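Single-structure report; data block below.
Values quoted throughout were computed directly from the atomic coordinates according to the rules given, and no laboratory measurement underlies them. Predicted model, so just to flag it, every value in this text is computed and none were measured. Methodologically, a virtual Cβ is constructed for each residue, glycine included, from the backbone with ideal geometry; neighbour enumeration extends over all protein chains shown.
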Amino acid sequence: MRAWEEVVRWHADSRDPARCEEAARALNALGGAHARRGDAAAARARYEEVVRRYGDSPEAPLRAQVAIALAEQGNLWADHGQPDKARVYVDELVRRHEGPSGERLKDVTARSLMRLGRSYWDQLRPEEARACFEQVVRRFGGAAEPVLREEVAGARLRIWALLRSQERFGEAQREYEAAVGGLGDLPGPGARARMIEVFRVTAAGLECVFCYEEARWCLDEMLSRFGEVREEPVAGTITELLVQRGRLLRLQGRTEESLADWREAIRRADAFPGRADALAVDALDRMAELLRDQGRLEEMRDCYEEVVRRTPTCVDPWELQVPKALMVLGDLADAQERWEDALGHYAELVRRFGWQRELSLNWMVPAAHHQMGWMLCLLRRFDKAEVCFKEMMLRYGQASNTWLRSQALQAHRNLAQVYAMSGRLDAAAECLGELVRRHGDPEDPGLRMLVFEALGELGALCERTGRREQAYAHHEELLRRYAARPDASSPELIAQTHLALARLSGQARQWEKARIHFEAAILLFDDDLPSTNMQRRAQAMRDLGALFLEQERLEEGCSLLEGVVRRYGGEAEPLLQLEVVFALLSLGDVLGRRGRTEEACARYEEVIRRFDTSSEPFLLRQVAVAFHREGREWMAKGKRCWQRGAREDAAALLSRARERMEASHVRAPGERLVRAHLAYVSFLQGRRDEARVAIETLLRQEGEDARGELLAAATPEPIFLDEAWRRLVRAIPSG
C-alpha cells in the first residue's frame, strides 16, 4: 500500500495523461486493498478521489479507471445490502457507457448491473432485480465477447427463475433456451467449462434466495449435458456439481438422492489420476452431517473414519473437515462409552493440529484437549489426566489470544477437580487457591468470570471438608469482588454464593445472617431463566421456610412452604415437582408435630393425588414416604383416642393407619421403617401372632440394626401397651 501511496503522491496532479492513469490505477488498487481489509469508508474515499480528479477526462484509459471506481463504489454498497445506494453509482456508470467505449467498460458495466440485481434479489425485491438483469440482456445481448455472453446468460437464467416464481412458464422457458443457446456456441477450447461455470454460479445464487428447484434445474442441465465427460477440467467440475446438487437435494429433504449424488462424486473423485481426495473428503463430510441429522450414527461414523483415513498427513488448521471428523468420532465414542476409542480420537486431533501458534483458528484443539483429560479421569488414570491439564496450562497460559488463555484457566480448574476426584481434597483446595492468587482480578470479563467460579468452587470445597470459616471467607470474598465489578459475574453464581453463606450461617445459628442471604438468593434466581434456576429458587424458599420453623416462626415458615406449592405446583419439570413434594412433606411434618393431624394428612394426600401416577422413580419414592407419614399420623391419633378410652375411634384410626402403611410398603417394599411400623400397628390391633412373625422376619433379614427402629416405633403418644411391645421386640433373637 505504501508504494501505491507514493505513486499517487508523485503522479496525481500531473497533466500527463499517462502519469494520471498511473495515479488512478494506484487509487483504485488502494480502494481494493482497504475493501479487503474491511475498511469500506477508506475504500470509498479512494474511489471517490478517482471520480473527483478524473471524472471529466476525455482520455479513454482514464475513463476506464473512472468506470472501475464507480463500479467498485456500487459493488461495495451492493455487497453490504444497500442496493439503493449502489444504484446511484451504477446508473452513473451506465450513463457514461452510453457513448463509444472500449470492451473493458462494457465488461465492468455488465458485472456491476449483475451485482446490483443480485443485491436487490437478496433484499427480496424481485422486480427491481429483474429490471437490472433485463438491462444487461438489452444492452449486451448482441455482444460477441465471451465474457459478456456469459454475463447475459447469467442474467437470462435469473430472469427465468423470477418468471417461474410468478408462474409465467412460457416466458421463463424462452429465457432459459436463450441462455443455453447463448452459451452453447461459445468459441474456444474452454467453452464447455465456461458454460458449466455460468450455470454453477447461477445455481449457487439461486440457492441463496431459496430457489432450490430452479438451482437444481441449472445443475441438472449441466449434468445431463456433460455428465459423461471424462476429460479434465470438465470432469472435475462435474464432480463438484454433484456435490453441489447433493446439498440442494438435502435442503429439499430428498435424503437418499442427496446421498446417492455424494457417493457418485466420491466414486468419480477416486477415478481421477492422483485421486482428488479434497473433493471426496468434502462429499464424505456432507454425507456424515446428513446421516447425523437422520440419527444414522454408525453410517456417520463410517464416513468420518473414511475422512481420517484419506487424510493421514493433513495438519492444515484451515482444513476443518479433518479435526471436525476426529472431534465427532471422539464425542460419539464418549456417548457410547467407548472411552479408549474416544481418548484415541481426541489425542490424534491434538497431536495433528495442536502445533499451530494461532489456535484460535481451531477451537476444536483445546476442546479435544479438555476431553482427553476427562476421558483419562473416566478411565481412572488420574496421573495422566493431571499431566494433560498441566500441559494445557503451559501451552495456552501465555497465549496472546484471550480465549486461549481462558482455556488455560479452565484447565487449572479442571486440575483441581482431578485432585478432588482422586481423593486429594487438600491438593484440590491448594490448586484453586493458586488459581485465584495467580490470576487475581483480570480485566477481561471472561477470565474474571472463570476466577469468580473458581473462588466459589474453593468455598464449596472448604465447606465439604468441614473448614467452615475458610468456606465462609471465600464466599464473602466472591461477593466483595462482585460488588466492585457487578458486570463480572452471572446472577446465578452470586445467588448460589448467597445460598452457601445462608447454609453456613444457619449451621452457626446466626439466624439473621442466614435469613438475609436466603432472601438475597431468592431475589437473584429468576423464574424466567432456565428451569434449574426455578428449582434453586424453590429450594431456597424451602430452606428459608425450614429456618423460620427452626426458630419457631411457624406462620412465616409455613407461608414460604405454601408459596413453593402455589408458585411451582403446576410445573411439569420433574425436579421442580420434587421441590413441591418436599414442601408438602415438610408442611405435613410440622403440622403433625403440633397435633394438627387432619391438616397434616391433607398435605400428604396432596402429594399422593398429584404424583401417584408419575413415571419418575424419585417422585414415586416420595409418594411412598407420604403414605407412610400419613399412616403414622393416623396411628398417633388412634393412640390418643385409646388414652381417652375411645376404643372404637382408636380401632378405626388404626385400620386407616394400617391401610396407608401397606400402600407405602407396596411402593417401597425394602423400607425397614415402614415394615417396623406395620408390625407395631398389627400389635396394637391385637394381631399378636402376625406382629411376632413380622418382627422375626425383619430381625432375621436386617439384623440388630432393625431392633432400634422396632423399639422406636412405639415412641409417639405412649400408652400402656407400649411396654409389652418393647418386651416382645427384645425377647426375639436376631439372625
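Here are some notes:
- In sequence order, calculated HN-Hα J values of segment 234-249 (Karplus, 6.51, -1.76, 1.60; Hz; x Gly/Pro): 5, 4, x, 5, 4, 4, 4, 5, 4, 5, 5, 5, x, 5, 5, 4
- Linear extension gain, GLN252 paired with LEU320, 0.36 nm per residue minus alpha-carbon span: 21.9 nm
- Subtracting the Cα-Cα distance of GLU512 and LEU728 from their residue separation scaled by 0.36 nm leaves 72.9 nm.
- All aspartates and glutamates inside 17 Å of LYS639 as judged from Cα atoms, apart from same-chain residues fewer than 8 positions distant: GLU598, GLU630, GLU648, ASP649, GLU659, GLU717, ASP722, GLU723
- Fewest-first ranking of PHE518, PHE169, using other Cβ atoms within 10 Å as the exposure measure: PHE169, PHE518
- Contour excess over end-to-end distance, with Cα ends at ASP270 and GLN166 and 0.36 nm allotted per residue: 33.2 nm
- Angle between the chain longest axis and helix 425-439 axis [Cα atoms, degrees, rounded to 10]: 40
- J(HN,Hα) series, segment 207-213, from Karplus relation 6.51 cos²θ - 1.76 cosθ + 1.60, nearest Hz, glycine and proline x: 4, 5, 9, 6, 8, 5, 5
- Going from the fewest other Cβ atoms within 10 Å to the most, the residues LYS513, LYS639 appear in the order LYS513, LYS639.
- Distance in nm between pseudo-label sites at ARG688 and ALA144 (7 Å out along the Cβ direction from Cα): 12.7
- Using alpha-carbon coordinates, inclination of helix 382-396 to the longest axis of the chain, degrees: 40
- Packing-based exposure ordering (other Cβ within 10 Å, fewest first) of SER406, SER119: SER406, SER119
- Alpha-carbon centroid distance for the pair segment 699-735 / segment 150-164, whole angstrom: 94
- Rounded FRET efficiency, nearest 0.05, which uses the C-beta distance separating GLU127 from ARG263 and R0 of 51 Å: 0.80
- For the pair GLU6 and ARG621, label points projected 7 Å from Cα toward Cβ lie 8.0 nm apart.
- Once Rg/Rh (Cα atoms, Kirkwood Rh) is calculated for the structure shown, the corresponding label among (i) 1.16; (ii) 1.03; (iii) 1.20 turns out to be (i).
- GLN701-GLU556 FRET efficiency (beta carbon distance; Förster radius 30 Å; 0.05 resolution): 0.10
- Using a cutoff of 8 angstrom between alpha carbon atoms and counting only pairs six or more residues apart, the relative contact order for the chain works out to 3 percent.
- Radius 10 Å from Cβ of HIS34, net charge of other residues (Lys, Arg +1; Asp, Glu -1): +3
- Segment 534-575 versus segment 391-425: alpha-carbon centroid distance in Å: 39
- On Cα atoms only, tilt of 554-568 relative to the major axis of the chain in degrees: 40
- Relative contact order of segment 552-686: 17 percent, from C-alpha pairs under 8 Å at least 6 residues apart in sequence.
- Mean Cβ count within 10 Å, highest first, over the residues of peptides 433-441, 586-594, 72-80: 72-80, 586-594, 433-441
- In loop segments of segment 249-312 as defined by DSSP, there are no GluC sites (Glu not before Pro) with at most 13 further C-beta atoms inside 10 Å of their C-beta.
- GLU298-ALA40 pseudo-label distance in nm [points 7 Å out on the Cα-to-Cβ vector]: 5.2
- The residues packed around VAL581, meaning those with a beta-carbon under 11 Å from its beta-carbon, carry a net charge of +1 if Lys and Arg are +1 and Asp and Glu are -1.
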